[in-house]
Amino acid sequence: MGKISDLKQEMTAWRHYLHAHPETAFEEHNTTEFIIDKLKSFGITELYTDFAPTGVVAIIQGDQKGRWIGLRADIDALDILEDNDINYRSIIQGKMHACGHDGHTAMLLGTAKYLAENRHFAGTVVLIFQPAEENEGGGRVMVENGLFDRFPIEAVYGLHNQSNMQLGYFYIAHGELMASYDVFEITVKGLGGHAASPQKGKDAIVTASQIVTSLQTIVSRNTNPIDSLVISVTQIHSGDTWNVLPQEAIIRGTVRTFNAQIQDMAEKRIKEISQGIAMAYGAKADITYQRRYPATINHPSQAEIAIKAATHIVGEDKVIIDPKPSMGSEDFAFMLQKTPGAYVWLGSGQGANLHNPAFDFNDEILTTGVKYFAELVRQELGK
Ligand code: NI
C-alpha cells in the first residue's frame, strides 16, 4: 500500500487546516464545505447533505457490484480555549479540536482519495462525515433521518484516536467498548423561610444533601458488584443569601452503564430515593431523566473483521483484543443499534489527554487509519 503512505503530507496539511478552523455541533459549515471540495477534487460526485444540518455522506462505487459498507468519521470540535503554541493553532476563540476529530476527518478524506483511485472492489462504500458527536448526537440525527434506510449498509466501522495508549496499536472489543450516557435533574421543592426559624420551613438544602448521599447506594447496594454503573452528581444549585432557607434545590448528574436493565434500575431507583427522602422531610422532588447516548457495543463478527484488518496493517502484537471498556460514551452507538459494525481505538502515544486544552492529534497515525479503512474495504468487499 505504498500509495497510502504517499498521502501523508497532504493529509497532514488538511488536518492542520481543520485544526485551525474548529466548529462545534451542527455549525460545521466551513468544515463541511472543505470536505465537499476535497471529495469533488477526488472525482467523487455522489454526495448527500440532507441527513443532518451539517456533515456529508459520500458514495464510492467499486468496479463491480456487491454489498454496501459504511465508514464513519466525526468532524466536530469542542468549546475549549486552545493552549497550544503551534502554527496551526485554532483561529476561532474558545473553540478547538481537542478530541482529534480533525484527524478522523483527514483520515476519512485520505481514504476517500485512495478508494476513488483504487476501485478494485465489489460493492459500495458509504463515507459518513458525521457532525455533532460531542453532546448533541449527530449520529442519532443521521440515523433518524434515514441514513441506514436509504442505503442498504450491511456493516459500519468507525475509529477514535486515544492519547496515552500505545502509538499505532489497535484496541478492538468483541462487545462493550463505551458506556451509555444519561442525565438527570432533581428539583427538591421545600418551604422557604427565615434561617433562624427552621422549624417553620421544609429545608430544601438538607433534603437535597440526603438525596445526594443516598444516590450513592444505587451503585453500592442495588447493583451486582460484577456489573458496571457510575452515578455522578455534578451540580447542586440552591440559595442566594446567608439568612434565608431557599424554597428549592436543584441536583443534576449523569449515569453511565453498559446494560439496559441496569440503566432501567438506576432510573427507577433515582426516582424512588429522591421522592422517598423528599417525602420523609416534608418536601417534594420532581425528577427528569433523559437518555442521551446508548452504550457502544460492537457486533462480534464485525469485530473479527476489524481484528483481521488491523492485524494485516500493524501485526498481531499491536492488536489488543477486548481492552477494558471506557465509561465515556460515543454516539456511533446509534449506528451500531441500526446495523452491525465495530468501533475501535487507535493509540496515538504520549501526549495531553483528549479534551485537554493542550491536546493535539498525532499526525503519525493518519496513514495507519487510512490503511485500516482500506483493508476493511478489502476484507468486506474483496473480490
Ligand atoms: Ni471524540
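Carbon-plus-sulfur accessible fraction, the chain (probe radius 1.4 Å, protein heavy atoms only): 49%. For the stretch 238-249, backbone phi angles converted through the Karplus equation (6.51, -1.76, 1.60; θ = phi - 60°) give residue-by-residue couplings of 5, x, 10, 8, 7, 10, 10, 7, x, 5, 9, 9 Hz, Gly and Pro being listed as x.
When H21, H194, H104 are compared by accessible surface with a 1.4 Å probe, the order from highest to lowest is H194, H21, H104.
With all protein chains kept in place, the per residue accessible area of the chain amounts to 43 square angstrom at a probe of 1.4 angstrom. Other residues with beta-carbon under 11 Å from the beta-carbon of L81 carry, at +1 per Lys or Arg and -1 per Asp or Glu, a net charge of -1.
How much net charge surrounds P357 when only the other residues with a Cβ under 14 Å from the Cβ of P357 are counted, with Lys and Arg +1 and Asp and Glu -1?
Combined, the nearby Lys, Arg, Asp and Glu give -3.
Taking the 0 to 90 degree range and rounding to the nearest ten, how far is the long axis of helix 300-314 tilted relative to the main principal axis of the chain, both from C-alpha atoms? It is inclined by approximately 60 degrees.
Kindly provide log₁₀ I(q)/I(0) values, in the same order as q = 0.12, 0.16, 0.18 Å⁻¹, from the Debye equation applied to equal alpha-carbon scatterers of the stretch 66-201. So the normalised log intensities are -0.68, -1.05, -1.25.
Given the whole protein assembly as supplied and a 1.4 Å probe, what does the accessible area of F121 come to in Å², nearest 10? About 10 Å², rounded to the nearest 10.
When peptides 23-35, 317-329 are ranked by their average number of other Cβ atoms within 10 Å per residue, the highest-first order is 23-35, 317-329.
The charge dipole of the chain, taken about the Cα centre with unit charges on the Cβ atoms of Lys, Arg (+1) and Asp, Glu (-1), comes to about 800 debye, rounded to the nearest 20.
About its Cα centre, what dipole magnitude does the stretch 153-285 give when the only charges are +1 on Lys and Arg Cβ and -1 on Asp and Glu Cβ, stated in debye to the nearest 20?
Values: 10 positive and 11 negative charges, 104 e Å.
Dipole size: approximately 500 debye.
Between helix 366-381 and the chain there is an angle of about 80 degrees, using the helix long axis and the longest principal axis of the Cα atoms.
Would you mind telling me the antiparallel percentage of the DSSP bridges in the chain, rounded to 5?
60
Summing charges over neighbours of E23, with a neighbour being any other residue whose Cβ is under 10 Å away from its Cβ, gives -2 when K and R count +1 and D and E count -1. Each of Q166, S228, M178 was placed along the dipole of the stretch 127-245 (beta-carbon charges, centred on the mean Cα), and the one lying farthest toward the positive end is S228. Pairing the Cα long axis of helix 29-41 with the longest principal axis of the chain, what angle in degrees results, from 0 to 90 and rounded to the nearest 10? That helix lies at roughly 20 degrees to the long axis. Name the aspartates and glutamates eligible as straight-distance cross-link partners of K318: C-alpha to C-alpha under 17 Å, and not fewer than 8 places from it in the same chain. Within reach: E304, E364, E375. Taking the Cα centre of the stretch 46-199 as origin and assigning +1 to Lys and Arg Cβ atoms and -1 to Asp and Glu Cβ atoms, the resulting dipole is close to 340 debye.
The values are calculated or read from the model by the stated rules, or taken from the named source; none is laboratory data. What you are looking at is a predicted structure, and each value in this text was computed from that prediction instead of being measured. Cβ sites come from the backbone with ideal geometry, for glycine too, and all protein chains shown count toward neighbours. What goes into the accessible areas is simple: the full protein's heavy atoms, side chains included, and nothing from ligands, DNA or RNA. Shrake-Rupley method; radii C 1.70, N 1.55, O 1.52, S 1.80 Å.
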